[in-house]
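Let me begin by presenting the structure, written as structure tokens, before commenting on it.
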Amino acid sequence: MTVESNRKKILVALMGFVFLFLLYPLPGFLQNHFQKPLILELELGMLLFTVFAFYFGRQFHRNGFRLYGLFAFGPHIGNLAKGLFLGILIPLVANLIPVWLGWSNISFRIDWVHLYPQILLFALGTLLPSLAEDILTRGYLRAFWPEKWNLLWLVPVSAVVYVLNHIFRLGKPDVMIYLFVLGCLLMWSYYKTGTLWLTLGLHWGGNINYQVFTNLVENTTIR
């Protein structure tokens, strides 16, 4: 491969990343501007992002998603299931520890009849945002990471991009630290498995858990 073709590949990769990086937060900007959830617009925005990422990936690989570590689903369904289980379980235990220690009480804001449909709605609603963000902050960076650079450095670099991707939370140091640590964990799982499916499961499960505890659970501190 010539120096000129290498430079062209790097330029195309950078342009693609900038485009996707600007496209991803667009629904969030609209939500912030109109001060409304805009759920449909969010999902359509994430779908648009995923479609663009797929077609961009096809410029470098026959299967556009394979470029980002999303190999054939069948052989890796176990990784997705394992990640989904752990992604729900770990934050769930973390939220329940204060309850077990007697520091707080939790109660559901919704009756049991409507609880499961609501959780299913959260599961469907968080899938595309989780997938899109994993493609951008992990799959894309890994695909174009220079071979001569130490691959382990990709873990903190990806975590920094992950933090920057949450532009509306950059003013909260505790949230930024949490996002950085989570970003390292998610990228490390991709690094260890060589596939994005486990990472997607962890991320997706964590987002489901977050939506449940944010929207359906009342947490009361015991004084």
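Considering only segment 15-28, state which residues are without any contact (Cβ under 8 Å) to a residue 40 or more places away in the chain and surrounded by 13 or more Cβ atoms within 10 Å (Cβ to Cβ).
Of everything in segment 15-28, those that are without any contact (Cβ under 8 Å) to a residue 40 or more places away in the chain and surrounded by 13 or more Cβ atoms within 10 Å (Cβ to Cβ) turn out to be PHE19, LEU23, LEU26, PRO27.
Checking the conditions here, which among TRP153, TRP149 is without any contact (Cβ under 8 Å) to a residue 40 or more places away in the chain, closer than 21 Å to ILE10 by Cα and in a helix (DSSP H, G or I)?
Sole residue among the options that is without any contact (Cβ under 8 Å) to a residue 40 or more places away in the chain, closer than 21 Å to ILE10 by Cα and in a helix (DSSP H, G or I): TRP153.
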ask   = What do you reckon, is VAL51 over 24 Å from SER158 (Cβ atoms) and among the hydrophobic types (A, V, I, L, M, F, W, C)?
value = no
So GLU133, is it among the acidic types (Asp, Glu), within 27 Å of ASN63 (Cβ to Cβ) and surrounded by fewer than 16 Cβ atoms within 10 Å (Cβ to Cβ)
no
- Is segment 30-41 home to any residue that is over 28 Å from THR221 (Cα atoms) and touching a residue at least 24 places away in the same chain (Cβ under 8 Å)? yes
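Quick check, is PHE52 modelled with pLDDT under 95, surrounded by 11 or more Cβ atoms within 10 Å (Cβ to Cβ), of a type outside the set (A, V, I, L, M) and under 18 Å from the mean Cα position of the chain (by Cα)?
Numbers: modelled with pLDDT under 95: yes; surrounded by 11 or more Cβ atoms within 10 Å (Cβ to Cβ): yes; of a type outside the set (A, V, I, L, M): yes; under 18 Å from the mean Cα position of the chain (by Cα): yes.
Judged against the criteria, PHE52 is a match.
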Scanning segment 99-118 for residues that are surrounded by 11 or more Cβ atoms within 10 Å (Cβ to Cβ) and in contact (Cβ under 8 Å) with a residue 40 or more places away in the chain, the one farthest from THR220 (Cα to Cα) turns out to be GLN118
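Does LEU124 fit the bill of being assigned to a helix (DSSP H, G or I), more than 13 Å from the chain's Cα centre (by Cα), in contact (Cβ under 8 Å) with a residue 60 or more places away in the chain and surrounded by fewer than 16 Cβ atoms within 10 Å (Cβ to Cβ)? Working first, answer last.
Numbers: assigned to a helix (DSSP H, G or I): yes; more than 13 Å from the chain's Cα centre (by Cα): yes; in contact (Cβ under 8 Å) with a residue 60 or more places away in the chain: no; surrounded by fewer than 16 Cβ atoms within 10 Å (Cβ to Cβ): yes.
Answer is no for this residue.
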Here the qualifying pairs (Cβ atoms under 9 Å; residues six or more apart or on different chains; first in segment 210-223 and over 19 Å from VAL175 (Cα atoms); second modelled with pLDDT under 90 and aromatic (Phe, Trp, Tyr)) come out as LEU216/PHE108; VAL217/PHE108; GLU218/PHE108; THR221/TRP103; ILE222/TRP103
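Does ALA72 meet the test of being aliphatic (A, V, I, L, M), without any contact (Cβ under 8 Å) to a residue 12 or more places away in the chain and within 16 Å of THR195 (Cβ to Cβ)?
Taking the combined requirement at face value, the residue satisfies it.
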If we ask which residues in segment 161-197 are surrounded by 16 or more Cβ atoms within 10 Å (Cβ to Cβ) and either touching a Phe, Trp or Tyr at 6+ places or on another chain (Cβ under 7 Å) or free of Cβ contacts under 8 Å to residues at least 12 places away in the same chain (or both), their number turns out to be 6
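For (1) more than 17 Å from the chain's Cα centre (by Cα); (2) in a helix (DSSP H, G or I), each residue gets a yes or a no:
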{"position": "LEU185", "(1), (2)": "no, yes"}
{"position": "THR195", "(1), (2)": "no, no"}
{"position": "LEU200", "(1), (2)": "no, yes"}
{"position": "ASN209", "(1), (2)": "no, yes"}
{"position": "PHE213", "(1), (2)": "yes, yes"}
{"position": "THR220", "(1), (2)": "yes, no"}
All-but-one check, PRO37 against (1) within 20 Å of the chain's Cα centre (by Cα); (2) over 18 Å from ASN207 (Cβ atoms); (3) not in a helix (DSSP H, G or I), failing number (2)
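The values are calculated or read from the model by the stated rules, or taken from the named source; none is laboratory data. From a predicted model like this one, the values you see are computed outputs, not experimental measurements. Using ideal geometry, Cβ is built from the backbone for each residue, glycine included, and neighbour counts are taken over all protein chains shown.
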